[in-house]
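Engineer: Supplied in structure tokens, the structure appears directly below.
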2 protein chains.
Amino acid sequence: MESNVHKISCPDCRLSDLCLPYGLQQNEVQQLATIVKNKRPMQVDEYLYLQGDACQNLYAVKSGSFRSFIADDNGNEQTIGFYLPGELMGLDALQHSRTTCSIIALETSTVCELPLLRLNELCSQMPSLQNQVMRIMGKGISSDHDKIIMLGHRTAKEKMATFLLMLSRRYAGLGFSSTVFNLTMSRQDIANFLGLSNETVSRLFTELSKDGVITVKQRGIQINNLATLKSIVKPCLPDDQLSFIA
Amino acid sequence: MESNVHKISCPDCRLSDLCLPYGLQQNEVQQLATIVKNKRPMQVDEYLYLQGDACQNLYAVKSGSFRSFIADDNGNEQTIGFYLPGELMGLDALQHSRTTCSIIALETSTVCELPLLRLNELCSQMPSLQNQVMRIMGKGISSDHDKIIMLGHRTAKEKMATFLLMLSRRYAGLGFSSTVFNLTMSRQDIANFLGLSNETVSRLFTELSKDGVITVKQRGIQINNLATLKSIVKPCLPDDQLSFIA
DNA sequence: CGTACAATTGAGAATCCTCAAGAGCAGTGG
DNA sequence: CCACTGCTCTTGAGGATTCTCAATTGTACG
């Protein structure tokens, strides 16, 4: 049914309010659409790019989800973040035109490719787009700061609650349910992202289930008590500071 | 002697190779200098800005050093980063023209103020400046990623070694010694930044001293064995991935 | 239906934190 | 000049959280 998602252009894309076009005039969106390349769908475990690749593009998630991670010489990975529809990937390559992390598809997904050269040209002519690019980069930076806070001084349980709330908010922003959703990443991915062992993640799912806060069925998550979840995180962040992540 | 640091303009600033002017032609630097406001010197513990302030500027460190942190409702702080000369502050406000962290001077310091509105105007006319701004934001993002890696899966000792190497590199980049320098932040600040207790930080300084890797005298640090320090971090990061932090 | 992989559960061990006391240094005032 | 105060930093002991190792269960897919 959604098999043609990758052919939809910016003006018709249901994400346009979340993605780069946000705040632009209709004719401006059309201009933006001319430089966007729609890529063919990607399969599970397919790489968008590899750490160290030359990269002169930004990529917007059109559908599906992705995981970004940095690997060291021994092959140990640290997951940096997860990307949902409307979010921008490739900001890490802005410094040296070379990616500093790898990005892999967690499910069948589609992306839009934005050549930086042409995006910059367009920015010069279109201040509103320039502002929007700046805003998005700012968002990327503050969500990274949120991650630093989460990793810095939180207990395993706080991290877990934070993670679930973050997903809840982002799905809500996409027009999906904020209390029922499927995890597209493995326990291992979550553990790695949160700086925990996967056993600890598993135990926490069990504990939160037993307390009735959530219901877990494989990768299916139902949040039964948002308030409790928030109260676990509460002491950590100003209430609106859960914007989070990319 | 350096009492007039705050009056020096971009073309004459000894930092111009590190800061925004990097890679610009001489006449372009002069143009940039016209929009830069030199601020008066700041004292220890003076705030550059407070979390939540409206902010339409970027700030470059001209001399001294700063600490940025986010506080929650209970007043608990998480240090996000430290800023040395040539580094840019205020990127966190790009999203909503409002700062998401507070920044405080660790010592007597001076900063340059760059109004975003005028910077954007100038970027439209000067593609090389546009690129440079992008590069710097990309640098900010990848150094945040480095911090996420550091906080994610590292032992206290690895974090400590990473922290010292990061400072070493940045001081070296400024033309100072990479092995002898003074910490401008307290043990508490370091602990908070690394997600450790200050007791643990203290113990690690002692341990590294006993092993002869470093010599510590109050806030004075001497690295006696860079190789050992690197070997502590080694399993964690590709060798050149210590660019780090802002 | 069997295999491969992911997730759960348990027990013991290690790291790091918390609490508490003591040491070192700077600044103040007698 | 010296004691006093306040602060940061150091050091120690005990305890809690989380990790590691190992075994078991559960699920997907051929």
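The values are calculated or read from the model by the stated rules, or taken from the named source; none is laboratory data. Small disclaimer: the values here were computed from a predicted structure and weren't measured. Glycine also receives a Cβ, built like all others from the backbone with ideal geometry; neighbour counts cover every protein chain displayed. The accessibility values were calculated without ligands, DNA or RNA, using every heavy atom of the protein model including side chains. Shrake-Rupley method; radii C 1.70, N 1.55, O 1.52, S 1.80 Å.
Engineer: What FRET efficiency would be calculated for the residue pair A:Thr108, B:Ala227, taking the C-beta separation as r and a Förster radius of 51 Å, to the nearest 0.05?
Structural biologist: The computed FRET efficiency comes out at 0.60.
Engineer: Each label point is 7 Å from the Cα along the Cα-to-Cβ direction; what then is the distance between the points at B:Ser197 and B:Arg118, in nm?
Structural biologist: Here the answer is 5.0 nm between the modelled labels.
Engineer: Just add up the charged neighbours of B:Ala156: K/R +1, D/E -1, any other residue whose Cβ is under 12 Å from the Cβ of B:Ala156.
Structural biologist: Details: positive: B:Arg154, B:Lys157, B:Lys159, B:Arg203; negative: B:Glu158, B:Glu199, B:Glu207.
With Lys, Arg at +1 and Asp, Glu at -1, the net is +1.
Engineer: To continue, here is another question. Roughly how many whole Å is it from the C-alpha centroid of segment B:204-229 to that of segment A:183-238?
Structural biologist: The distance from the Cα centre of segment B:204-229 to that of segment A:183-238 comes to 40 Å.
Engineer: At a 1.4 Å probe radius, carbon and sulfur cover how many percent of the accessible area of segment A:154-236? If you can, show how the numbers build up before the last one.
Structural biologist: Values: 1790 of 3720 Å².
About 48 percent, which is the carbon plus sulfur part of the accessible surface.
Engineer: So how much accessible surface do B and A hide from each other in total, probe 1.4 Å, in square angstrom to the nearest 100?
Structural biologist: Numbers: alone 12490 and 12480 Å², together 20780 Å².
When B and A are taken together, about 4200 Å² of accessible area is lost.
Engineer: To the nearest 500 deg cm²/dmol, what mean residue ellipticity at 222 nm is calculated for chain A from DSSP H runs of n ≥ 4 alone, each contributing -39,500 (n - 2.57), summed and divided by the residues?
Structural biologist: On the way: 7 runs with 94 residues, N = 246.
Here the helix-only value at 222 nm equals -12000 deg cm²/dmol.
Engineer: Determine the gain in length on full extension of the stretch A:Asp53-A:Gln218; use 0.36 nm per residue of separation and subtract their C-alpha separation, reporting nm with one decimal. Numbers along the way, then the final one.
Structural biologist: Values: separation 165, 0.36 × 165 = 59.40 nm, distance 3.47 nm.
Once the chain is fully extended between A:Asp53 and A:Gln218, it gains 55.9 nm.
Engineer: Return the residues of segment A:182-199 for which accessible area with all protein chains present is lower than in the chain on its own by 20 Å² or more; set the probe to 1.4 Å and exclude ligands, DNA and RNA.
Structural biologist: A:Gly195
Engineer: Same structure again: Kindly identify residues of segment B:113-148 having a loss of at least 40 Å² in accessible area between the isolated chain and the assembly of all protein chains, probe radius 1.4 Å.
Structural biologist: By number: B:Asn120, B:Ser124, B:Gln130, B:Met134, B:Arg135, B:Met137, B:Ile141, B:Ser142, B:Asp144, B:His145, B:Ile148.
Engineer: Just to confirm, what accessible area per residue do you get for segment B:5-141 at 1.4 Å probe, in whole Å²?
Structural biologist: Numbers: 5660 Å² over 137 residues.
Heavy-atom accessible area per residue stands at 41 Å².
Engineer: Kindly identify residues of segment A:62-109 having a loss of at least 40 Å² in accessible area between the isolated chain and the assembly of all protein chains, probe radius 1.4 Å.
Structural biologist: Residues losing area: A:Ile70, A:Asp72, A:Asp73, A:Gln78, A:Ile80, A:Leu94, A:Gln95.
Engineer: What is the total of Lys pairs in segment B:109-218 with C-alpha atoms under 21 Å apart, excluding same-chain pairs fewer than 8 positions apart? Mind showing how you got there, number by number?
Structural biologist: Numbers: B:Lys139/B:Lys147; B:Lys139/B:Lys159; B:Lys147/B:Lys157; B:Lys147/B:Lys159; B:Lys157/B:Lys210; B:Lys157/B:Lys217; B:Lys159/B:Lys210; B:Lys159/B:Lys217.
Number of lysine pairs found: 8.
Engineer: I would also like to ask the following. Tell me the carbon and sulfur percent of the accessible area for segment A:5-142, rounded to whole percent, probe radius 1.4 Å. The partial results should precede the final answer.
Structural biologist: On the way: 2650 of 5660 Å².
Carbon with sulfur: 47 percent of the solvent-accessible area.
Engineer: A further question follows. Once both labels are modelled 7 Å past Cα along the beta-carbon direction, what's the A:Ile35-B:Tyr22 spacing in nm?
Structural biologist: The answer from the label model is 2.4 nm.
Engineer: I'd like to verify something in chain B: which complete DSSP H helices, judged by Cα projection on the helix axis, reach 24 Å or more and average at least -0.5 on the Kyte-Doolittle scale? Can you show the working numbers first?
Structural biologist: On the way: long enough: B:127-153 (40 Å, -0.22); B:156-173 (26 Å, -0.01).
Once both thresholds are applied, what remains is B:127-153, B:156-173.
Engineer: Just reorder A:Leu117, A:Leu229 by solvent-accessible area, largest first, 1.4 Å probe, all chains present. Intermediate values should be presented prior to the final figure.
Structural biologist: On the way: A:Leu117 130, A:Leu229 0 Å².
Greatest to least solvent exposure: A:Leu117, A:Leu229.
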